[in-house]
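*Asks:* Please read through the structure below; I'll follow up with questions.
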């Protein structure tokens with residue numbers, strides 16, 4: 001059984017026991033979170049993609065840690081204009097462990 005959930009503007013495929021890095025979620029390490037924006041649930045041959053059924057579904061997870069990703073550089077350069085701009089960015093993330101996928105009676 002697996003589900004596709006949207007969190008932080010990205011869709012992630014998860015199944016119970018998975019440890020996944022997602023965009024930063026507020027909460028302390030060990031807190032439970034519920035991801036309610038479920039897009040798809042697949043249980044063997046049964047596929048649930050009905051919007052009405054998915055509104056009742058949710059994915060429960062536990063926060064395992066917070067961190068920052070690798071540095072990504074953005075460099076802007078214009079020749080003969082003495083324009084050189086270098087910027088770095090490290091995206092914050094939260095590592096969660098999926099504990100349960102509930103179908104909400106679907």
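*Asks:* For residue 102, indicate whether it is within 14 Å of residue 1 (Cβ to Cβ) and surrounded by 11 or more Cβ atoms within 10 Å (Cβ to Cβ).
*Replies:* yes
*Asks:* As an exercise: evaluate residue 53 against (1) surrounded by 11 or more Cβ atoms within 10 Å (Cβ to Cβ); (2) within 19 Å of residue 99 (Cβ to Cβ) and give the number of the one condition it does not meet.
*Replies:* (2)
*Asks:* Being without any contact (Cβ under 8 Å) to a residue 40 or more places away in the chain, surrounded by 14 or more Cβ atoms within 10 Å (Cβ to Cβ) and closer than 16 Å to residue 102 by Cβ is the filter here, so list the residues in the stretch 8-35 that pass it.
*Replies:* Hit for the stretch 8-35 is 35, nothing else.
*Asks:* Let me ask something else. Check the stretch 88-95 and report whether any residue there is farther than 24 Å from residue 3 by Cα, under 16 Å from the mean Cα position of the chain (by Cα) and surrounded by 13 or more Cβ atoms within 10 Å (Cβ to Cβ).
*Replies:* The answer is yes; a qualifying residue exists.
Residue-by-condition table, conditions (1) free of Cβ contacts under 8 Å to residues at least 12 places away in the same chain; (2) in a strand (DSSP E or B):
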{"position": "41", "(1), (2)": "no, yes"}
{"position": "52", "(1), (2)": "yes, no"}
{"position": "60", "(1), (2)": "no, yes"}
{"position": "63", "(1), (2)": "no, yes"}
{"position": "73", "(1), (2)": "no, yes"}
{"position": "76", "(1), (2)": "yes, yes"}
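*Asks:* If you go through the stretch 61-87 one residue at a time, how many are within 25 Å of the chain's Cα centre (by Cα) and either over 29 Å from residue 33 (Cα atoms) or at pLDDT below 95 (or both)?
*Replies:* Counting residues in the stretch 61-87 that are within 25 Å of the chain's Cα centre (by Cα) and either over 29 Å from residue 33 (Cα atoms) or at pLDDT below 95 (or both) gives 2.
The values are calculated or read from the model by the stated rules, or taken from the named source; none is laboratory data. The structure displayed is predicted, hence computed values, not measured ones. Cβ: placed from backbone, ideal geometry, glycine included. Neighbour counts: every protein chain shown.
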